[in-house]
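Engineer: Take a look at this one; I'll ask things after.
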Amino acid sequence: MKSSPVSRSRDIERQAGYLRPEHCAPPPPRTHSADDMWFIRDGCGIVCGVITWLLVFYAEFVVVFVMLLPAKNVAYSLINGAVFNGLAFLALASHFRAMCTDPGAVPKGNATKEFIESLQLKPGQVVYKCPKCCSIKPDRAHHCSVCKRCIKKMDHHCPWVNNCVGENNQKYFVLFTMYIALISLHALIMVTLHFVFCFEEDWAKCSSFSPPATVILLIFLCFEGLLFLIFTAVMFGTQIHSICNDETGIEQLKKEEKRWAKKSKWMNMKVVFGHPFSLAWLSPFATPDHGKANLYQYVV
């Protein structure tokens, strides 16, 4: 009998004794406390994260020093400056939280005999072991080759935040894509208005920089804003759709059977952003309260 794709990708056994815990080395001793910041030491991810911050700072520079400070309308400059800088701050804060929050990593090397016995498995109960990090894998967890850990409810690994998007940091990733899309749209609107104003007035009066430098800076900002608006808006919509349907990106890609308890779309949103609904949903500084319900209860 041929094994199913699921059994080929996971080490599935129905009794703890067949998990061969003797093949797992004891977990390495912890040298850091649980409160230490999570950070993945991946060269590509670090470079992408730095580029993300530099692009936001470039947009800040052009918006503030090229468009707003030279503007004659003080109210226009103050209002747009406050809105843009506020959104940019929230975007970077969301990026930092998404990057430095443990996405839901399973303890490495916990597939030991003592831990398996402590689970008090019932006869016929299915348990999963990851052969790569030698850990007991919870339901809906997947192994990330970059993080080198099994991640609970892993959606995907994003190099732009240098981290996996999983159970504990999906809210911050969604906020990051939303705020980047908003500042990109805001920047495009201001660039359009600035071009219209400069065409009607003398170019030397609408910017502190020379006309050629002003045009080049605005064109680069327009290209950056349009590119990131499309990318992050699509990603934001994809994430919201996945959350409402309670299906991660990996589960959609692998077409895994939905064996977990179904919830309403609104309840699925609360699972990610917290109970109950409040303005804290929009804050990257508010840690979501997922409630006491078992989020991954499977239908028997």
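Engineer: Output the pairs from K129/K270; K137/K171; K171/K262; K171/K258 with a Cα-Cα distance over 27 Å in this structure; if there are none, say none. Don't skip to the answer; put the middle values down first.
Structural biologist: Details: K129/K270 30 Å; K137/K171 23 Å; K171/K262 20 Å; K171/K258 22 Å.
Long pairs (Cα-Cα over 27 Å): K129/K270.
Engineer: Rounded to two decimals, what is Rg over Rh for region 58-187 when you use alpha-carbon atoms and the Kirkwood radius?
Structural biologist: Value, to two decimals: 1.26.
Engineer: For H156, tell me the accessible area in Å² from a 1.4 Å probe, rounded to the nearest 10.
Structural biologist: Solvent-accessible area, nearest 10 Å²: 40 Å².
Engineer: Now for a different question. For region 124-133, what does the Karplus curve 6.51 cos²θ - 1.76 cosθ + 1.60, with θ = phi - 60°, yield as ³J(HN,Hα) per residue in whole Hz, taken in order and with x for Gly and Pro?
Structural biologist: Using θ = phi - 60°, the values come out as x, 6, 8, 10, 10, 10, 8, x, 7, 10 Hz.
Engineer: Evaluate the Debye formula for region 99-252 with equal point scatterers sitting on the alpha carbons, no solvent, and hand back log10 of I(q)/I(0) at q = 0.11, 0.13, 0.21 Å⁻¹, in q order, two decimals.
Structural biologist: Here log10 of I(q) over I(0) equals -0.61, -0.73, -1.21.
Engineer: Sticking with this structure for a sec: Rounded to the nearest whole Å², what accessible area per residue is found for region 217-256 with the 1.4 Å probe?
Structural biologist: I get 56 Å² per residue for this part.
Engineer: Right, another one. Please give the FRET efficiency for F220 paired with V126, using the beta carbon to beta carbon distance and R0 = 41 Å, rounded to the nearest 0.05.
Structural biologist: According to the calculation, E is roughly 0.15.
Engineer: Around K137, which amide H atoms from residues at least 5 apart in sequence, or from another chain, sit under 5 Å from its own amide H, with H modelled in the peptide plane?
Structural biologist: Y128, K129, C130
Engineer: So if the hydrodynamic radius of region 120-189 is defined as the Kirkwood radius over C-alpha pairs, what does Stokes-Einstein give as its diffusion coefficient at 25 °C and 0.890 mPa s, in µm² per second?
Structural biologist: Once the numbers are plugged in, D ends up at 171 µm²/s.
Engineer: Near the amide H of H156, under 5 Å away, which other amide H atoms are found, from residues 5 or more places off or on another chain, if H is placed in the peptide plane?
Structural biologist: V165
Engineer: Roughly how much of S278 is accessible, in Å² to the nearest 10, using a 1.4 Å probe?
Structural biologist: Its accessible surface works out to 50 Å², give or take rounding.
Engineer: Calculate, in nm to one decimal, what V83 and S118 gain on full extension: separation in residues at 0.36 nm each, minus their alpha carbon distance. Walk me through the intermediate numbers first.
Structural biologist: Values: separation 35, 0.36 × 35 = 12.60 nm, distance 5.32 nm.
Difference between extended and current length: 7.3 nm.
Engineer: I've got another one for you. Which ³J(HN,Hα) values in Hz, rounded to whole numbers, follow from the phi angles of region 61-77 under the Karplus curve 6.51 cos²θ - 1.76 cosθ + 1.60, where θ = phi - 60° and Gly and Pro get x?
Structural biologist: In residue order, the calculated couplings are 4, 5, 5, 6, 8, 9, 10, 7, 4, x, 5, 7, 7, 5, 4, 4, 5 Hz.
The values are calculated or read from the model by the stated rules, or taken from the named source; none is laboratory data. Everything numeric in this text was worked out from a predicted model, so none of it was measured. Cβ: placed from backbone, ideal geometry, glycine included. Neighbour counts: every protein chain shown. Side chains included, ligands, DNA and RNA excluded: accessible areas come from the protein's heavy atoms. Shrake-Rupley method; radii C 1.70, N 1.55, O 1.52, S 1.80 Å.
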